[in-house]
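In what follows, a single structure is set out as structure tokens and then discussed.
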Amino acid sequence: MSLREVSVSTARGKFQQQVRVAGAPGIEVVADEPRAVGGDDAGLAPHELLLAGLGACTSMTLKMYAERKGWPLERVEVKLSATRGEAFVIQRTVALHGPLDDEQRARLLEIANKCPVHKTLSGEIRIESALG
């Protein structure tokens, strides 16, 4: 499956980048670094974009699964953080709002680990670079 192309180009400031999605006019995101590392803090840092992608995918996947099952999931809240050491470790906490029973909650946590971005990040990733 091919995804829409994303383009990133230099913007204002020391680190700011303009992120655009092909075929989606009006969808633009600013990426930047925090002031603590010399940026202007005008947008999400690159690793924050990564966490946001995982969080959004997790929430969307759980909502879609619960709707298909007819479960009373009212809202999903995903909080993510990460630490760097020997490995890049992502901590994800999933809050499920609604009158779900324990079995439904446990199943939804299993499904969270099957969202497409989780599977991508947990699998083999290759990056092929070329000059344009």
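The values are calculated or read from the model by the stated rules, or taken from the named source; none is laboratory data. Since the structure is predicted, the reported quantities are computational estimates derived from the model, not experimental observations. No Cβ is skipped: glycine too gets one built from the backbone with ideal geometry, and neighbour counts run over all protein chains shown. Just the protein is used for accessible areas: all its heavy atoms, side chains included, with ligands, DNA and RNA removed. Shrake-Rupley method; radii C 1.70, N 1.55, O 1.52, S 1.80 Å.
Here are a few things to note about the model shown:
- For the range 91-132, dividing the convex hull volume of the Cα atoms by the residue count gives 107 Å³ per residue.
- Principal-axis analysis of the Cα atoms of the chain puts helix 46-69 at an angle of about 30° to the longest axis.
- For the range 1-49, the set of trypsin sites (Lys or Arg not before Pro) satisfying both a DSSP loop assignment and a count of at most 10 other C-beta atoms within 10 Å is given as ARG4, LYS14.
- Taking Lys and Arg as +1 and Asp and Glu as -1, the other residues whose beta-carbon sits under 15 Å from that of TRP71 total 0.
- Calculation over all alpha carbon pairs of the chain in 5 angstrom steps from 0 returns a P(r) of 2, 9, 15, 17, 17, 17, 12, 7, 4, 1, 0 percent.
- For LYS114, the solvent-accessible surface with a 1.4 Å probe is about 110 Å², rounded to the nearest 10.
- Among SER81, LEU54, THR93 - extreme Cα towards positive end, dipole of the range 1-107, charges at beta-carbon: LEU54
- Carbon-plus-sulfur accessible fraction, the range 36-132 (probe radius 1.4 Å, protein heavy atoms only): 54%.
- Straight-distance crosslink candidates among lysines, where the alpha carbon sits under 29 Å from LYS14 and sequence neighbours closer than 8 are dropped: LYS79
- For the chain, the Cβ-based charge dipole about the Cα centre amounts to some 160 debye (Lys, Arg positive; Asp, Glu negative; other atoms uncharged).
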